[in-house]
Amino acid sequence: MFGTYSAASWKETLNPAQLEAVTCGDGPVLVIAGAGTGKTWTLACRVAHLIQSGVPPERILLLTFSRRAAREMLARAGRLVDRERTGKVWGGTFHATANRLLRLHGRGLGLSTDFTVLDQADMADLMDLIRSDQHPTRDKRERRFPKKDTLVAIYSRMVNAGEPLSGVLEHAFPWCRDDGDGIRAIFAEYTRRKRTQNVLDYDDLLLYWRALGETSAGADVARMFEHVLVDEYQDTNPLQAQILQSLRPPNVNRNLMVVGDDAQAIYAFRAASIRNILDFPIHFPGARRITLEQNYRSTRPILDVSNAVIAQARERFPKDLWPVRPGGARPVLLTCVDENEQSAQVCEQILEHREQGVPLRHQSVLFRTGHHSDLLELELTRRNIPFVKYGGLKFLESAHIKDALALMRVLENSRDEVSWFRVLQLLDGIGPAGARAIMHAIGVRSVAADDPLRTFLETPPRVPDAAREGLESLRSTLADCTLVDGSLPPAAELARIRKFCEPLVEARYSSPRARLQDIEQLEQVAGGYSSRSRFLSELALDPPSATSDLAGPPLLDEDYLILSTVHSAKGGEWDVVHVIHAADGMIPSDMSTSNQDEIEEERRLFYVALTRARDNLYVYFPLRFYRRPRGMDDAYHYAQLTRFLPESVQSLFEQRAVGTASSPEPGAPASVDTLLTQLWSG
DNA sequence: TTTTGAAGTCTCTCC
DNA sequence: GACTTCAAAA
């Protein structure tokens, strides 16, 4: 269905509801689109239709949940009109778009347009720095104060939900309720420092974009766009909804199309609110509503299971998906004796489908959290099955990459205290206290002082003997990068930084070679950029989501399996989908079972996973799994099948049980099945 | 006083 | 693997 079409014929591929969405005229439109109903295709066609109707592509704004989604959608639209024109469409996430717009129009808000962007880890580091400033002697007997990641989570929720601190603490972080004053003080200082350091965090990007709407530049920005389209609207938050309102003031125009599915809302933890979809007709009076219910993706048996799972949801908009595709195999529920058996079974099924002609890249393995695939990855490697993993532990989060980037950021913004703090502690003999002393000496935090970087290079700070050699190496590296006439291309700069890091990485980390290669990979990525500031902000806003993203475009004939968290799999579809760890405590995660809303979100998450499958769906349930021992408990636990598959839903599956406790070989005798069945239903 | 190393704890999802 | 805590060494 996604082949190439002539300009006239592609509209014939659309069903009536899709066609209505694609060709509808001006004004606000809400498209409720169930899983697999051709939502992406419809949006791509809408873009193509607008361009064909004479809307200049640069006056179309397409907001998506990831940059990858925007790229794919515009690539499809490009096949319908032409690449040259679709390339001019504004596309990307809210955050990336804010970044672009604020660099163009942020002056009126008192922003200097060469700001740097803090990612979540940077936010946490700055919070931590402030926390230890405000409580220099942490009393250990005192009750624990919220950790830096918690502080960031509280702060982000407050901003994105637009809810006062007290309310956020009460509803979402009740265990921090009594620390309100301390938290408030940290937030105030956090905000102050961000401003003096000329940095914006993720939340600021949205806040300033909204603020832009209230300035005179805001009207200009609104007028820039004739049409605004938003994908995955169910996962936007109140702040983003306000941005859309500021972007579509009644006196400019109200051309706004949002597309979403309440049954697939899985970002409440990021303050996303289903109210955005519910209240859309209130925010944009006269909104037209179109529902897409015809499912093109999955066969009936897969849809039956998915519908049965979501039907148990506490509340939802009634919406039935009906399949277009006939026939199809029953989904398979595999009860495995343990996690090793699960890994082995996944490999077996994958290879069998490949034998039957389904290449690896049309199959995927989905799981709740990044480390759920650890064992499987070992097994895949052992069997030489190539794979690419999305989501989970990210490349940019590893310490050595952050070290290298911190050096670049000091060059970019010499008042970036988080980066200085990190860079200086790379030196032997310099710990937190030493780093603070140096930062004070070169005036990183005093607004009036000269450029701290120049001070650092011109007058070397006093350091203990152990740090002398490292300090000189650091100074000459930084000097090298600044004194070359003009500015060095980012890749060349990183090459020098890598030289500096080499001895450190070798001394500090266990597998230095792999880590140095990581930095080389980063150099490769940097090769695509001519400006350091662009490189750094793109990296913060669109981090490589898989290691393969860094290795450059994979060879066309290369075949590899996709491993992904369910969150990262949103919007994807595969012929064969394997959902692993369908046990209570995994799905739903036992960190998300404290209240009904969280459980409902986990249910939708499971639904999203199931609905990714086109032809074959496998759900794996490991009976026995390892969990790090807590207290006297045994390290091995017996699990219950996920609560989202009650008896009535199980019966829609073909059920198999494999493995025995003593021999983890496939093909257990039939009697084991009944034993296992008793275990999960008893 | 500050750094450094060792032992112990706990780990979700993403822009 | 990353972070915290604690104690020894500089």
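The values are calculated or read from the model by the stated rules, or taken from the named source; none is laboratory data. Everything numeric in this text was worked out from a predicted model, so none of it was measured. Here the Cβ is made from the backbone with ideal geometry for all residues, glycine too, and neighbour counts use every protein chain on show.
For residue A:36, the test of being on the phi > 0 side of the Ramachandran plot and either within 16 Å of DNA strand C (Cβ to nearest atom) or small (Gly, Ala, Ser) (or both) is passed. In this entry, residue A:317 passes the filter for residues that are within 24 Å of residue A:598 (Cα to Cα), away from DNA strand B (no atom under 16 Å from the Cβ) and aromatic (Phe, Trp, Tyr).
Of the residues in segment A:426-440, at least one is within 28 Å of residue A:534 (Cβ to Cβ) and within 16 Å of DNA strand C (Cβ to nearest atom).
In segment A:112-134, the residues that are more than 17 Å from residue A:154 (Cβ to Cβ) reach residues that are in a loop (DSSP other than H, G, I, E, B) and within 16 Å of DNA strand C (Cβ to nearest atom) with C-beta atoms within less than 9 angstrom, at least six apart or across chains, in these pairs: A:119/A:543; A:132/A:138.
With respect to the conditions (1) farther than 21 Å from residue A:273 by Cβ; (2) surrounded by 17 or more Cβ atoms within 10 Å (Cβ to Cβ), residue A:180 lacks only one, and its number is (2).
Give segment A:625-649 a look and list any residue that's among the charged types (D, E, K, R) and either at pLDDT below 75 or buried (at least 19 other Cβ atoms within 10 Å of the Cβ) (or both), or say none.
Taking segment A:625-649 and keeping what is among the charged types (D, E, K, R), we get A:627-628, A:630, A:633-634, A:643, A:647.
Within segment A:625-649, A:627, A:628, A:630, A:633, A:634 meet the criteria.
Looking only at segment A:393-435, residues that are under 15 Å from residue A:460 (Cα atoms) and over 32 Å from the mean Cα position of the chain (by Cα) come to 4 in all.
For the residues A:545, A:537, A:530, the requirement of being outside any helix (DSSP H, G or I) and either modelled with pLDDT of 80 or more or over 22 Å from the mean Cα position of the chain (by Cα) (or both) singles out A:530. Would it be correct to say that residue A:469 is within 28 Å of residue A:531 (Cα to Cα) and out of contact with any Asp or Glu (no Cβ under 7 Å at 6 or more places or on another chain)? In short, no.
Against the test of being assigned to a helix (DSSP H, G or I), among the basic types (Lys, Arg) and surrounded by 22 or more Cβ atoms within 10 Å (Cβ to Cβ), the options A:46, A:79, A:85 yield a single qualifying residue, A:46. Would it be correct to say that residue A:101 is within 30 Å of residue A:410 (Cβ to Cβ), part of a helix (DSSP H, G or I) and away from DNA strand C (no atom under 16 Å from the Cβ)? Yes: the conditions hold for residue A:101.
Residue check: is residue A:349 polar (S, T, N, Q) and loosely packed, with under 14 Cβ neighbours inside 10 Å? Before the answer, list the steps.
Working: polar (S, T, N, Q): yes; loosely packed, with under 14 Cβ neighbours inside 10 Å: no.
Considered against the rule, which asks whether it is polar (S, T, N, Q) and loosely packed, with under 14 Cβ neighbours inside 10 Å, residue A:349 comes out as no.
Can you tell me which residue is nearest to residue A:453 (Cα to Cα) among those in segment A:466-496 that are of a type in the set (Gly, Ala, Ser) and more than 16 Å from DNA strand C (Cβ to nearest atom)?
Initial filter on segment A:466-496 (of a type in the set (Gly, Ala, Ser)): A:466-467, A:470, A:473, A:476, A:479, A:486-487, A:491-492, A:495.
With more than 16 Å from DNA strand C (Cβ to nearest atom) added as a condition, the list becomes A:473, A:476, A:479, A:486-487, A:491-492, A:495.
Values: A:473: 15, A:476: 12, A:479: 9, A:486: 17, A:487: 15, A:491: 21, A:492: 19, A:495: 20 Å.
Applying the filter and picking the extreme gives A:479.
Within segment A:367-412, the residues that satisfy the criterion of being free of Cβ contacts under 8 Å to residues at least 12 places away in the same chain and assigned to a helix (DSSP H, G or I) are A:374, A:381, A:382.
Checking every residue in segment A:104-121 against the condition of being in a helix (DSSP H, G or I) and within 16 Å of DNA strand C (Cβ to nearest atom) gives at least one match. Per the listing A:328, A:357, the residue uniquely at pLDDT below 90 and of a type outside the set (Lys, Arg) is A:328.
Remark: pairs (first residue in segment A:552-573, on the phi < 0 side of the Ramachandran plot and away from DNA strand B (no atom under 16 Å from the Cβ); second residue in a strand (DSSP E or B) and at pLDDT below 90; Cβ separation under 7 Å; 6+ apart in sequence or on different chains) = A:560/A:387; A:560/A:388; A:561/A:387. For residue A:391, the conditions (1) closer than 30 Å to residue A:471 by Cβ; (2) surrounded by fewer than 22 Cβ atoms within 10 Å (Cβ to Cβ); (3) touching a strand residue (DSSP E or B) at 6+ places or on another chain (Cβ under 8 Å); (4) not acidic (Asp, Glu) all hold with the exception of (1).
Does residue A:94 meet the test of being closer than 17 Å to residue A:197 by Cβ and modelled with pLDDT of 90 or more? It is false that residue A:94 is closer than 17 Å to residue A:197 by Cβ and modelled with pLDDT of 90 or more. Restricting the search to helices (runs of 4 or more DSSP H) fully inside segment A:138-211 and requiring at least 1 residues that are within 16 Å of DNA strand C (Cβ to nearest atom) gives A:148-161, A:180-196.
Do we find that residue A:361 is surrounded by fewer than 19 Cβ atoms within 10 Å (Cβ to Cβ), free of Cβ contacts under 8 Å to residues at least 24 places away in the same chain and in a helix (DSSP H, G or I) in this structure? Before you say what the answer is, go through the steps one by one.
Details: surrounded by fewer than 19 Cβ atoms within 10 Å (Cβ to Cβ): yes; free of Cβ contacts under 8 Å to residues at least 24 places away in the same chain: no; in a helix (DSSP H, G or I): yes.
Judged against the criteria, residue A:361 is not a match.
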